[in-house]
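Data block below; observations after.
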Amino acid sequence: MKIVLLGGSGYVGKGIIQTLNTHPDIHLVSMSRHGGTAAQKEEWPNVNWVSVDLYNSETWRKEIIDADWIVDLIGVLFAKNYNEYYQKTVAPVMNIIKFIEKEKLAAKFLFVSANYAPIGMKNYLKAKLVLERELKERLGIKTVIVYPGLIYHKERPSVYIIGKSLKILTRLKIFNRFITPLRPISRGKFASEIENVIVGKDSYLTKRNIGS
């Protein structure tokens, strides 16, 4: 099984690679602008690290044509306005989506959307929703969408502290309804849920949960 990770060398992608790389029948391809660091290539030599320009199909088309899964991890958490979110989250990926549609490729597309947008991040969610709509209209049943919240790991100490704190507070009934939409999840757990989707198992992340 060939899995192409768009943005695989990033913070979230590294967790997914660590999990999926344990499967001997899975061939991983990580696509990013820089193609992966020397440390990443040394740690995961079985991964095909590819430097791409998503606006130039010649840099990525041969890897996409025979892929079984495309996993979209591209995007930014903070941007100045909706236009910046669109240019960094939606526009680059649309080239691959249109290519899959035009060539009628068999690849399934797994999009990492968002469960909820807290105050001040409405444009972040708006861009995610635009890409959700495009995927459903263009690729239909080949689209799988997951809806995580804050993905935390010790690699980013401040995010880790916030994520762990929120996770603890969800156990308290008084806070649960307010924190549930934020859906904090560790990077390792998130990678396991992506693994579930890839191998055909159920994942709770395939449904939004905005609480009561």
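The values are calculated or read from the model by the stated rules, or taken from the named source; none is laboratory data. Predicted model only: the values in this text are computed from it and were never measured. Here the Cβ is made from the backbone with ideal geometry for all residues, glycine too, and neighbour counts use every protein chain on show.
Scanning segment 8-43 for residues that are over 16 Å from the mean Cα position of the chain (by Cα), β-branched (V, I, T) and farther than 18 Å from E193 by Cα turns up just one, T37. Number of residues in segment 121-174 that are touching a Leu at 6+ places or on another chain (Cβ under 6 Å) and either more than 19 Å from N209 (Cβ to Cβ) or β-branched (V, I, T) (or both): the value is 3.
In segment 57-69, what residues are assigned to a helix (DSSP H, G or I) and among the hydrophobic types (A, V, I, L, M, F, W, C)? Reasoning before the result, please.
Start the filter on segment 57-69 by keeping residues that are assigned to a helix (DSSP H, G or I), which leaves 57-59, 61-65.
I64, I65, listed by residue number.
Scanning segment 12-53 for residues that are crowded, with 16+ Cβ neighbours inside 10 Å and in a helix (DSSP H, G or I) turns up V12, G13, K14, G15, I16, I17, T19, L20, Q40. Can we say Y86 is over 22 Å from I198 (Cβ atoms), surrounded by 15 or more Cβ atoms within 10 Å (Cβ to Cβ) and in contact with a Pro (Cβ under 7 Å, 6 or more places away or on another chain)? For Y86, the condition - over 22 Å from I198 (Cβ atoms), surrounded by 15 or more Cβ atoms within 10 Å (Cβ to Cβ) and in contact with a Pro (Cβ under 7 Å, 6 or more places away or on another chain) - is not met.
Of all residue pairs spaced 6 or more apart or on separate chains, those with beta-carbon atoms under 6 Å, a first member in segment 78-95 that is farther than 12 Å from V130 by Cβ and a second member that is outside any helix (DSSP H, G or I) are K88/V76; P92/L54; N95/L54. Scanning segment 54-83 for residues that are within 16 Å of the chain's Cα centre (by Cα), of a type in the set (F, W, Y) and surrounded by fewer than 14 Cβ atoms within 10 Å (Cβ to Cβ) yields one hit, F78. Of the helices (runs of 4 or more DSSP H) entirely within segment 132-200, those holding at least 3 residues that are touching a strand residue (DSSP E or B) at 6+ places or on another chain (Cβ under 7 Å) occupy 157-169, 187-198. Taking every residue in segment 136-156 that is under 19 Å from N95 (Cβ atoms) and without any contact (Cβ under 8 Å) to a residue 40 or more places away in the chain and pairing it with any residue that is among the hydroxyl-bearing types (S, T, Y) and assigned to a strand (DSSP E or B), at least 6 positions away or on another chain, the pairs with Cβ-Cβ distances below 6 Å are K136/T143. If the condition is being among the basic types (K, R) and either surrounded by fewer than 16 Cβ atoms within 10 Å (Cβ to Cβ) or over 15 Å from the mean Cα position of the chain (by Cα) (or both), then segment 98-131 contributes K98, K102, K104, K122, K126.
Tell me which residues, restricted to segment 154-188, are modelled with pLDDT of 90 or more and surrounded by 18 or more Cβ atoms within 10 Å (Cβ to Cβ). Selection gives V159, G163, R183, P184, I185, S186, R187. Scanning segment 70-103 for residues that are basic (K, R), part of a helix (DSSP H, G or I) and modelled with pLDDT under 95 turns up just one, K88.
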